[in-house]
1. Only one residue in Val37, Val110, Val13, Val124 is surrounded by fewer than 18 Cβ atoms within 10 Å (Cβ to Cβ) and either farther than 26 Å from Lys182 by Cα or at pLDDT below 90 (or both). Which one?
2. In the list Gln138, Gln93, which residue meets the criterion of being surrounded by 16 or more Cβ atoms within 10 Å (Cβ to Cβ), touching a Ser or Thr at 6+ places or on another chain (Cβ under 8 Å) and of a type in the set (S, T, N, Q)?
3. Determine, yes or no, whether Glu105 is acidic (Asp, Glu), under 19 Å from Pro196 (Cα atoms) and either touching a Leu at 6+ places or on another chain (Cβ under 7 Å) or modelled with pLDDT of 90 or more (or both).
4. Hey, could you check the stretch 229-247 for residues that are within 13 Å of the chain's Cα centre (by Cα) and over 17 Å from Ile153 (Cβ atoms) and say which is surrounded by the most Cβ atoms within 10 Å (Cβ to Cβ)?
5. Condition first: under 18 Å from Ala228 (Cα atoms), surrounded by 15 or more Cβ atoms within 10 Å (Cβ to Cβ) and over 18 Å from the mean Cα position of the chain (by Cα). Can you find one or more residues in the stretch 195-206 that meet it?
Amino acid sequence: MAKLLDIRMDEFVSHIKEREPITLGFSLVTDGTPPPVGSRLQFRMRPGVTLLHASMPAEGARMIHDDAWDFRTILIEEEQTSGWTFRRTLTLQCDQELSPVSAKELCGIVYYQPDSMENFYCPVLGRKLEGNPIQARQVFKGSWQDQATKGWIYSYDVILRPHQQAITQWKFLSSGLPLGTKIHANAWLNVTHAGPEGVVELVTPKGDDYLLEPGKDLAVSIQLLYPAAVGQNPSLQRLPNLVAYIA
């Protein structure tokens, strides 16, 4: 049975822009093996905070909704033999007032071993962000069926513009995609989340070759392959919860 050693947020205190989606990264630190069947990862939301998405395995797991307590729980139902990643994400939106100087708990992440009580608790802390340094918008370019998989390829331009300062290291991501999504084409960015768990994240390589300059747009083309079972759906013409950050 996997031994969980810790739950670690990428940032101890995250900077949150109120009433806008934000995706936060965290890691499940284990002894190197995937979580066993029956284990659970639970998200306990605080009042005024909404969970929009949490990355989860494309197969062998399901999300359980407890609306009475506003809990969301990922239940592992099948052995995770391949494709498991210990790097996780959650996307939330905070509609309560935050302070720029003091942190507030937005939600708690709880891990349970099979048939056991609470094993680990990790608070998700946030303080107010006055403005995101990078604006991200998108343009849908078209879609067509992939003859090999019978899935559907959707093409987008993600258009980035910094607000005030030049930025050399940056990333953008979209969460809440259909499970089983794959990146079909990506010209030059490094991939940190490839899509199967509902999250795509792309980051610039090291160096200063991909400068974002104030007042100038940079268009990044990306194509996603959606599973055949999803079909051709107008809702796929927009990348959900699209945000960009300094890397």
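The values are calculated or read from the model by the stated rules, or taken from the named source; none is laboratory data. Since the structure is predicted, the reported quantities are computational estimates derived from the model, not experimental observations. Note that we place each Cβ from the backbone using ideal geometry, even for glycine, and neighbour counts take in every protein chain shown.
1. Val13
2. Only one candidate passes the filter, namely Gln93.
3. In short, no.
4. Ala244
5. So far as the stretch 195-206 goes, no, none of its residues is under 18 Å from Ala228 (Cα atoms), surrounded by 15 or more Cβ atoms within 10 Å (Cβ to Cβ) and over 18 Å from the mean Cα position of the chain (by Cα).
Conditions tested, residue by residue: (1) assigned by TED's automatic domain parsing to the domain that holds Ala185; (2) under 21 Å from the mean Cα position of the chain (by Cα); (3) aliphatic (A, V, I, L, M); (4) over 23 Å from Thr23 (Cβ atoms).
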residue: Pro47; (1), (2), (3), (4): no, no, no, no
residue: Leu90; (1), (2), (3), (4): no, yes, yes, no
residue: Val110; (1), (2), (3), (4): no, yes, yes, no
residue: Phe140; (1), (2), (3), (4): yes, yes, no, no
